[in-house]
Amino acid sequence: MDLVTINTPHLSIEGQSRAGHETWFRVRELNAAFDIGRCPDQLIGTSDIFVTHAHLDHAVGIPFYAGQRQLHRMTGGRVYVPADAAEGMREIMTLYERITGATFDEVEVIGLAAGDVVRLGKTHEVRVHRATHRVAANAYEVIELRHRLRDEFAGCDEHEIMELRRNGVSVTEEWRRSMLFYTGDTDRGILETNDELYQSEVLMIECSFITTGHEERAAKYRHIHFDDIAEFAGRFENETIVLTHFSRRYSHAVIHDEIRRRCPAVLRDRIRLALPERYQRL
Ligand SMILES: [Zn+2]
Ligand SMILES: [Zn+2]
């Protein structure tokens with residue numbers, strides 16, 4: 001399978017993603033990953049892993065991750081899963097502990113539901129959204145948090161600011177920016193019900209099916225067909241839209257050419273395909 005590297009103005013993303021095979025992405029600036037796939041070596045040192053749902057191509061690497069971190073004596077790994085899958089995943093870990101005699105107590109499995117917020121370091125938080133798929137599924141949104149000087153103090157110099165602070169004046173305000181929205185597996189329901197995904201700087205959205213004749217298959221297995229994305233073309237305000245999770249029945253060239261042919265002009269320059277470099281841009 002081909003490793004994918006995509007650099008946006010604020011994010012360095014690496015990973016790989018084909019439907020039914022394996023999906024994971026690591027974002028270097030966040031030291032976090034979205035989905036774990038079969039747990040490649042690149043993810044073992046990553047301390048926060050946001051798994052979208054329990055399907056094997058997204059989640060089967062969780063016990064291996066725990067085992068590898070235990071082996072290398074790494075502390076503090078956190079694997080986030082949909083709340084409805086958390087208990088089952090903990091049972092799987094307990095079973096592995098029992099049949100292998102290992103302990104996985106350094107890795108915590110944490111259930112999250114829509115509306116939950118997880119702090120990621122000092123400057124980011126991850127918000128949980130609901131994705132619409134065959135099993136309980138989360139989408140994740142990364143928000144950057146900064147404190148910046150309030151507009152009314154923009155003209156003040158350093159000493160004046162210090163003086164204001166000393167007098168108890170609150171000179172800064174919180175500033176938030178949605179940097180990344182990662183859908184995981186979902187059908188077009190998320191396009192119909194979620195407004196935030198259209199606003200985030202980078203959108204990573206699944207697009208399992210692309211050709212004519214596969215529309216029903218997309219609906220039946222609750223995946224997105226490229227025509228669903230095209231239908232909502234006017235709503236995307238994202239700077240970059242990364243399409244992921246293509247069905248393995250399509251070759252790189254078919255994916256590239258077919259999406260290029262179907263893509264509304266308003267999206268063409270912003271779309272990146274989660275494929276090797278030479279097929280990434282339309
Ligand atoms: Zn999948
Ligand atoms: Zn799935």
Across region 127-150, what is the number of residues that are away from ligand 1 (no atom under 16 Å from the Cβ) and either part of a loop (DSSP other than H, G, I, E, B) or of a type in the set (Lys, Arg) (or both)?
5
Wholly inside region 156-270, strands (runs of 3 or more DSSP E) that include 3 or more residues that are modelled with pLDDT of 95 or more and of a type in the set (S, T, N, Q) are none
Taking region 6-31 as the search range and keeping residues that are out of contact with any Asp or Glu (no Cβ under 6 Å at 6 or more places or on another chain) and β-branched (Val, Ile, Thr), which one is farthest from ligand 1 (Cβ to nearest atom)?
8
Residue check, residue 196 in contact with a His (Cβ under 8 Å, 6 or more places away or on another chain) and farther than 21 Å from residue 55 by Cβ:
yes
Find the residue count for region 32-85, including only residues that are touching a Phe, Trp or Tyr at 6+ places or on another chain (Cβ under 6 Å), at positive phi and more than 15 Å from ligand 1 (Cβ to nearest atom).
1
Considering only residues that are away from ligand 2 (no atom under 15 Å from the Cβ) and of a type in the set (S, T, N, Q), which ones fall in region 165-194?
167, 170, 172, 178, 193, 194
If a residue must be more than 14 Å from ligand 1 (Cβ to nearest atom) and either free of Cβ contacts under 8 Å to residues at least 12 places away in the same chain or more than 18 Å from residue 131 (Cβ to Cβ) (or both), how many such residues does region 232-248 contain?
5
In region 256-273, is there at least one residue being on the phi > 0 side of the Ramachandran plot, exposed (fewer than 15 other Cβ atoms within 10 Å of the Cβ) and more than 16 Å from ligand 1 (Cβ to nearest atom)?
no
Condition broken by residue 193, with the remaining ones in (1) polar (S, T, N, Q); (2) within 22 Å of the chain's Cα centre (by Cα); (3) surrounded by 16 or more Cβ atoms within 10 Å (Cβ to Cβ) satisfied
(3)
When residues of region 196-235 are filtered for being farther than 14 Å from residue 139 by Cα, of a type in the set (Gly, Ala, Ser) and under 19 Å from the mean Cα position of the chain (by Cα), how many remain?
1
Please return the ranges of strands (runs of 3 or more DSSP E) entirely within region 1-99 where 1 or more residues are among the aromatic types (Phe, Trp, Tyr) and under 21 Å from residue 244 (Cα atoms).
22-27, 32-36, 48-50, 77-82
Mind listing just one residue for me: the one in region 118-136 that is aliphatic (A, V, I, L, M) and within 30 Å of residue 71 (Cα to Cα) and, of those, surrounded by the most Cβ atoms within 10 Å (Cβ to Cβ)?
126
Filter region 23-43 down to the residues that are touching a helix residue (DSSP H, G or I) at 6+ places or on another chain (Cβ under 8 Å), more than 16 Å from ligand 2 (Cβ to nearest atom) and touching a residue at least 24 places away in the same chain (Cβ under 8 Å) and list them by number.
39
Which listed residue is under 16 Å from residue 185 (Cβ atoms) and either within 16 Å of ligand 2 (Cβ to nearest atom) or modelled with pLDDT of 95 or more (or both), from 46, 52
52
Free of Cβ contacts under 8 Å to residues at least 24 places away in the same chain and closer than 30 Å to residue 29 by Cβ, is that true of residue 151?
yes
Contact list please: Cβ distance under 6 Å, first residue in region 91-105 and surrounded by 17 or more Cβ atoms within 10 Å (Cβ to Cβ), second residue of a type in the set (D, E, K, R), pairs at least six apart or on different chains.
104/97
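The values are calculated or read from the model by the stated rules, or taken from the named source; none is laboratory data. Here the structure is a predicted model, which is why all the values come from computation and not from measurement. With ideal geometry, Cβ positions are generated from the backbone for all residues, glycine too; neighbour counts draw on all protein chains shown.
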